[in-house]
Amino acid sequence: MTIGYTGAKTPPKPGLELLKTNKRTEILIHPGVNFLSSVGCINPTKKVSGPLSDMDFTESRTRVIALIDDLKTFAGGGFPKSNGKRIPNASVVVEGEPVLSTESVESVLEAVAGDPNKGLPAAVFQKFAPRPASGSKRTIYDGYIGAFTSDKGLKALGDHGVCNNYDRLMHFFAQAAMETGGFTLIRESLTYTTVAAIRNAWRSRAAGKTDQWIGDNLLRKPQALGDWAYGGRMGNVKGTLDGFNFRGGGTFQTTGRDAYTAKGKLAKVDLANHPELIEDPQTSLLAACAEWKGSGCNAFADAGLIKKISRAINVGNANSATQANGEADRIAWHEKVFKAVKNAGLLG
């Protein structure tokens with residue numbers, strides 16, 4: 001039966017469901033989406049160089065449509081006019097399972113191992129920070145991963161020394177994952193709905209305020225909260241919208257007018273006058289790379305000094321006695337990234 005079939009160039013994505021498949025209950029034939037195959041499914045595609053290679057979705061989708069069109073010709077007038085209906089007299093024979101020779105696997109892993117200039121494949125990001133099922137978070141996630149794996153993104157990482165080795169890449173993306181909630185946050189939300197949440201986020205600043213004052217002045221008032229939390233520091237002018245406009249944004253959640261201005265100059269983007277441009281994943285990646293290199297994080301990553309990295313990125317001072325927000329979580333993120341990279345065979 002057909003699933004979501006259309007001959008147009010836009011979704012829904014077509015597929016064929018195969019029933020009565022013995023030990024399996026069904027097999028879905030569909031395009032290779034988001035660089036990943038699906039275990040137990042069939043993804044028609046041109047020849048790929050090895051197990052870590054990305055499939056071309058557009059090319060794979062064309063093949064699926066061609067397969068369905070061929071079945072339409074075969075079935076003639078009996079081909080269903082709507083999706084989800086059985087295609088009469090059609091059967092499929094699958095001989096064996098797809099098998100990769102030891103030589104092909106090793107050749108691909110050897111090609112990737114020892115070459116961090118290629119960055120991390122999209123499939124590896126999915127292992128330590130799964131792609132959201134749908135919605136705005138999924139859109140943000142796709143933007144980040146697209147930037148991280150693009151030629152432009154790899155150039156930014158390479159120009160700032162992040163791609164020199166996998167230790168740097170793993171530490172960099174562990175911090176990025178922490179700052180962005182697994183690549184699902186593009187701007188800091190200052191719309192708080194509980195006093196407790198504000199106290200937890202700004203403990204020392206909120207210590208001198210009553211619950212009543214916080215509730216009356218800051219709850220559900222993002223611009224007022226921005227001025228209270230960030231106004232009068234980091235280059236922000238108190239009593240203006242600076243605190244809100246220059247709130248955390250992008251890969252490393254760049255915060256404050258001074259930081260936006262400095263990173264904007266390095267990225268050759270006018271973030272000082274257009275802070276909203278930090279929402280462009282490519283721009284925010286370049287800003288993050290500049291911050292990483294300028295804070296000495298390449299050397300810290302080489303030495304495995306994750307606490308210094310965390311405080312450099314979050315506190316602004318690698319030698320600060322103050323812990324980074326979520327410092328333990330940053331260490332946990334690094335462990336996830338390391339596991340994903342190792343399991344992918346990238347470390348040799």
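Keeping to the stretch 1-41, report how many residues are modelled with pLDDT under 75, open to solvent by less than 50 Å² (accessible area, probe 1.4 Å) and in a strand (DSSP E or B).
Number satisfying all stated conditions: 2.
Please go through the stretch 207-224 and give me each residue that is of a type in the set (Val, Ile, Thr) and under 22 Å from Asn245 (Cα atoms), ordered by number. Show your work before the answer.
Pass one, the stretch 207-224, residues of a type in the set (Val, Ile, Thr): 210, 214.
Passing the criteria: only Ile214.
Condition check ((1) within 25 Å of Trp202 (Cβ to Cβ); (2) at pLDDT below 95; (3) open to solvent by 40 Å² or more (accessible area, probe 1.4 Å)) across all residues:
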position	(1), (2), (3)
Glu279	yes, yes, yes
Gln282	no, yes, yes
Leu286	no, yes, yes
Gly294	no, yes, yes
Ala301	no, no, no
Lys308	yes, no, yes
Thr322	yes, yes, yes
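For the stretch 59-73, give me each residue that is of a type outside the set (S, T, N, Q) and either open to solvent by 70 Å² or more (accessible area, probe 1.4 Å) or outside any helix (DSSP H, G or I) (or both). Reasoning before the result, please.
The first filter runs over the stretch 59-73 and keeps only residues of a type outside the set (S, T, N, Q), leaving 59, 61, 63-72.
Hits for the stretch 59-73 are Arg63, Asp70, Lys72.
Is it the case, given these coordinates, that Phe252 is touching a residue at least 60 places away in the same chain (Cβ under 8 Å) and part of a loop (DSSP other than H, G, I, E, B)?
yes
Mind listing just one residue for me: the one in the stretch 331-345 that is part of a helix (DSSP H, G or I) and among the small types (Gly, Ala, Ser) and, of those, nearest to Glu179 (Cα to Cα)?
This residue is Ala332.
Has the stretch 149-167 got at least one residue that is closer than 30 Å to Pro222 by Cα and modelled with pLDDT of 95 or more? Let's see the steps before the verdict.
Taking the stretch 149-167 first, the residues closer than 30 Å to Pro222 by Cα are none.
Looking through the stretch 149-167, none of the residues is closer than 30 Å to Pro222 by Cα and modelled with pLDDT of 95 or more.
Matching residues to (1) touching a Lys or Arg at 6+ places or on another chain (Cβ under 9 Å); (2) under 18 Å from Glu188 (Cα atoms):
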residue	(1), (2)
Gly249	yes, yes
Thr255	yes, yes
Glu276	yes, yes
Ala287	yes, yes
Ala290	yes, no
Cys297	yes, no
Lys308	no, no
Ile313	yes, yes
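Can you pull out the residues in the stretch 202-215 that are modelled with pLDDT of 95 or more, in a helix (DSSP H, G or I) and open to solvent by 70 Å² or more (accessible area, probe 1.4 Å)?
Within the stretch 202-215, Asp211, Gln212, Trp213 qualify.
Take the stretch 300-330 and flag every residue that is assigned to a loop (DSSP other than H, G, I, E, B) and under 13 Å from Phe252 (Cβ atoms).
Correct list: Val315, Gly316, Ala324, Asn325.
Give me the residue from the stretch 258-276 that is open to solvent by 70 Å² or more (accessible area, probe 1.4 Å) and not in a loop (DSSP other than H, G, I, E, B) and, out of that set, modelled with the lowest pLDDT.
Looking at residues that are open to solvent by 70 Å² or more (accessible area, probe 1.4 Å) and not in a loop (DSSP other than H, G, I, E, B), I get Leu266.
Return the total of residues in the stretch 182-201 being over 30 Å from Gln126 (Cβ atoms), in contact (Cβ under 8 Å) with a residue 24 or more places away in the chain and surrounded by fewer than 18 Cβ atoms within 10 Å (Cβ to Cβ).
The total comes to 2.
The values are calculated or read from the model by the stated rules, or taken from the named source; none is laboratory data. All figures in this text were calculated on a predicted structure; none of them were measured in a lab. For neighbour counting, all protein chains shown are included, and Cβ atoms are generated from backbone atoms with ideal geometry for every residue, glycine included. Heads up: the accessible areas ignore ligands, DNA and RNA and are worked out on the full protein's heavy atoms, side chains in. Shrake-Rupley method; radii C 1.70, N 1.55, O 1.52, S 1.80 Å.
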